[in-house]
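Q: Let me begin by handing over the structure; questions about it come next.
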């Protein structure tokens with residue numbers, strides 16, 4: 001049995017702790033905040049309840065596997081249902097596109113019906129290509145710890161694979177190669193923002209994101225994603241994990257042999273055989289374990305959110321809506337320059353779960369891309385001008401036909417600065433952005449240079465978002481292995497199948 005400390009109680013920290021507890025290790029999760037879940041958290045006020053982080057559940061196999069291997073099935077812990085319909089997209093020219101919750105075939109049919117046969121055929125062709133990329137990347141680089149670029153080179157030996165992945169293409173370039181319709185180009189490029197990245201330089205292989213959504217479905221958890229957080233906390237407790245909120249770690253202790261423990265803010269030293277860091281890699285190597293050899297990659301963008309209580313609600317909208325700006329490219333020009341977007345694309349989520357709002361009202365969550373907090377060239381100081389920018393977002397929403405300002409009964413603003421307490425100090429939600437062909441191999445590795453120190457979460461391999469965070473937890477738990485000394489597999493096999 002190893003004494004394991006998990007630093008940070010976000011989704012990745014809770015997931016790896018539950019897996020390690022089930023393997024009979026002695027596990028403690030130390031969380032600096034007075035709550036667990038990190039970005040997977042809930043905001044409540046004046047009778048309203050909002051998911052303040054993710055609002056959609058995808059690739060449920062990752063968490064089904066976690067719950068099955070640690071106790072009762074996921075469906076015994078949360079109410080899980082397929083989302084139908086899926087996203088409603090409204091474009092600047094006034095046209096719209098309603099997509100189903102899952103199925104590549106039904107999605108292509110919906111595109112054909114609403115935009116035309118040629119557009120539907122082009123979407124089918126894109127998803128066939130995305131499926132081929134997924135089958136290539138999943139076993140080689142997604143569900144395995146990435147040790148070097150050799151894992152990508154193995155695929156590069158196959159000429160057909162290289163032509164399929166087209167590593168020289170960005171997501172924006174891929175959209176232009178497949179679609180003539182500018183609306184579909186915008187829709188595809190939006191998937192770069194799922195990792196806080198710029199479609200102009202993020203890898204075209206990100207077309208696998210819509211493929212995964214349509215192959216494995218879009219899902220809703222009754223009561224919101226906060227229920228998944230509660231289920232993870234409960235599962236940790238059931239397998240004997242010690243959960244310690246309001247416990248800040250300020251340093252990782254080690255000697256020549258490896259990790260020896262962690263130092264707390266009050267000066268105490270907590271001994272450990274193994275430490276798993278569920279913190280941003282920039283904070284780990286910059287503060288907790290200063291390492292001058294660590295080279296941070298390009299930082300991801302952040303988000304600016306409005307949580308609104310609306311009298312009467314928005315019954316004419318779907319649960320998930322995307323309202324595009326006139327000039328989508330200009331948004332990323334602004335972000336790269338560290339400026340809030342003057343005319344942002346707006347994601348609008350209607351929180352329709354029972355109890356999420358007082359009778360006759362509705363909770364509405366608005367989100368736009370935003371530069372991270374800071375003073376650098378590509379950052380913005382979010383300590384000022386917050387109310388003015390919130391008013392601008394509401395004005396842009398009204399210009400697109402959704403006027404909420406005269407019906408707001410509650411408002412809470414969440415800026416990149418606010419996100420500093422649940423991500424890195426700059427509010428970069430996903431840590432490192434995907435930039436360039438080999439960017440997945442450039443992400444911080446799950447194994448640190450210090451023996452016994454591992455990394456999980458959105459800033460490490462394989463990336464941000466609940467599915468990838470869950471996979472990172474599975475990778476690390478498999479590498480650590482069981483308390484009975486049984487050797488883990490050299491190449492952890494993730495639950496997600498092709």
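All of the numbers you see were taken from the coordinates with simple rules; none came from a lab. In this text the structure is predicted, and so the values were computed from the model without any measurement. FYI the Cβ positions are ideal-geometry reconstructions off the backbone, even for glycines, and counts take in every protein chain you see.
Q: Mind giving me the nanometre distance, one decimal, between the label points for residue 268 and residue 398, set 7 Å out from Cα along Cα→Cβ?
A: Output for this residue pair reads 5.4 nm.
Q: At a Förster radius of 41 Å, what calculated FRET efficiency corresponds to the Cβ-Cβ distance of residue 93 and residue 257, to the nearest 0.05?
A: 0.05
Q: Between residue 408 and residue 109, how high is the FRET efficiency from 1/(1 + (r/R0)^6) when r is the Cβ-Cβ distance and R₀ = 35 Å? Nearest 0.05. Don't jump to the answer; show the numbers that get you there.
A: Working: r = 38 Å, r/R0 = 1.09.
Taking R0 as 35 Å, the efficiency between residue 408 and residue 109 is 0.40.
Q: Still on this model: Hey, if you drop one equal point scatterer on each alpha-carbon of the stretch 84-216 and run the Debye formula without solvent, what base-10 log of I(q)/I(0) do you get at q = 0.17, 0.19, 0.21 Å⁻¹?
A: Once normalised to I(0) and log-transformed, intensities are -0.92, -1.12, -1.33.
Q: Return the Cα extents of the stretch 104-151 along principal axes one, two and three, sorted largest first, each rounded to a whole Å.
A: The principal-axis extents, from largest down, are 45, 15, 11 Å.
Q: Taking only Cα atoms, what is the 0 to 90° angle, nearest 10, from helix 226-238's long axis to the longest principal axis of the chain?
A: 20 degrees
Q: Hey, can you rank 339-350, 78-89 by average C-beta count inside 10 Å, highest first? Intermediate values should be presented prior to the final figure.
A: Details: 339-350: 20.7, 78-89: 17.2.
Those peptides, ordered most packed to least, come out 339-350, 78-89.
Q: If you don't mind, another one. Where the centroid of each part is defined by its Cα atoms, how far is the stretch 414-484 from the stretch 92-122 in Å?
A: Between the Cα centre of the stretch 414-484 and that of the stretch 92-122, the gap is 34 Å.
Q: Percent antiparallel among DSSP beta bridges with both residues in the chain, to the nearest 5? Display every interim value, and only then the final one.
A: Numbers: 49 of 70 bridges.
Approximately 70 percent, going by the DSSP bridge assignments.
Q: Where Rh is the Kirkwood radius over the Cα pairs of the stretch 1-87, the temperature 4 °C and the viscosity 1.567 mPa s, what D in µm²/s does Stokes-Einstein return?
A: Using the Kirkwood radius from Cα pairs, D works out to 87 µm²/s.
Q: Taking the mean number of other Cβ atoms within 10 Å as a proxy for protection, how do you rank 256-263, 416-423 from highest to lowest? Walk me through the intermediate numbers first.
A: On the way: 256-263: 16.1, 416-423: 20.9.
Packing order, densest peptide first, comes out as 416-423, 256-263.
Q: Let me ask something additional. Using all Cα-Cα distances in the stretch 315-354, what percent lands in each 10 angstrom bin from 0 up to the longest?
A: Taking all Cα pairs of the stretch 315-354, the binned fractions are 28, 37, 24, 10, 0 percent.
Q: If Rh is defined by the Kirkwood formula over all Cα pairs and Rg also comes from Cα, what ratio Rg/Rh do you get for the chain?
A: Working: Rg = 21.9 Å, Rh = 23.1 Å.
Reported Rg/Rh (Cα atoms, Kirkwood Rh): 0.95.
Q: Using label points projected 7 Å from each Cα along Cα→Cβ, tell me how many nm separate residue 327 and residue 147, to one decimal.
A: 4.9 nm
Q: Given Cα pairs under 8 Å that are at least 6 residues apart, what percent is the relative contact order of the chain? Don't skip to the end; give the middle numbers.
A: On the way: 1102 pairs, mean separation 119.8, N = 498.
It comes to 24 percent, rounded to a whole number.
Q: A further question follows. Rank by packing, highest mean first: peptides 171-179, 199-207, with packing defined as the count of other Cβ atoms within 10 Å averaged across residues.
A: On the way: 171-179: 19.7, 199-207: 23.6.
Put in order of decreasing packing, that is 199-207, 171-179.
Q: Then there's this: In whole percent, what relative contact order does the stretch 84-216 give with Cα contacts below 8 Å and a gap of six or more residues?
A: Working: 159 pairs, mean separation 33.3, N = 133.
Averaging sequence separation for qualifying contacts and normalising by length gives 25 percent for the stretch 84-216.
Q: Okay, moving on. Quick check: pseudo-label points 7 Å beyond the Cα along Cα→Cβ at residue 3 and residue 176, how many nm apart are they?
A: 5.8 nm
Q: In whole Å, how far is the Cα centre of the stretch 340-405 from that of the stretch 21-82?
A: Measuring centre to centre over Cα atoms gives 25 Å.
Q: What FRET efficiency would be calculated for the residue pair residue 388, residue 68, taking the C-beta separation as r and a Förster radius of 41 Å, to the nearest 0.05?
A: Numbers: r = 49 Å, r/R0 = 1.19.
Efficiency computed from Cβ-Cβ geometry: 0.25.
Q: Counting only the backbone N, which residues of the stretch 1-41 are under 19 Å from the spot 7 Å out from the Cα of residue 248 toward its beta-carbon?
A: 6-10, 29-39
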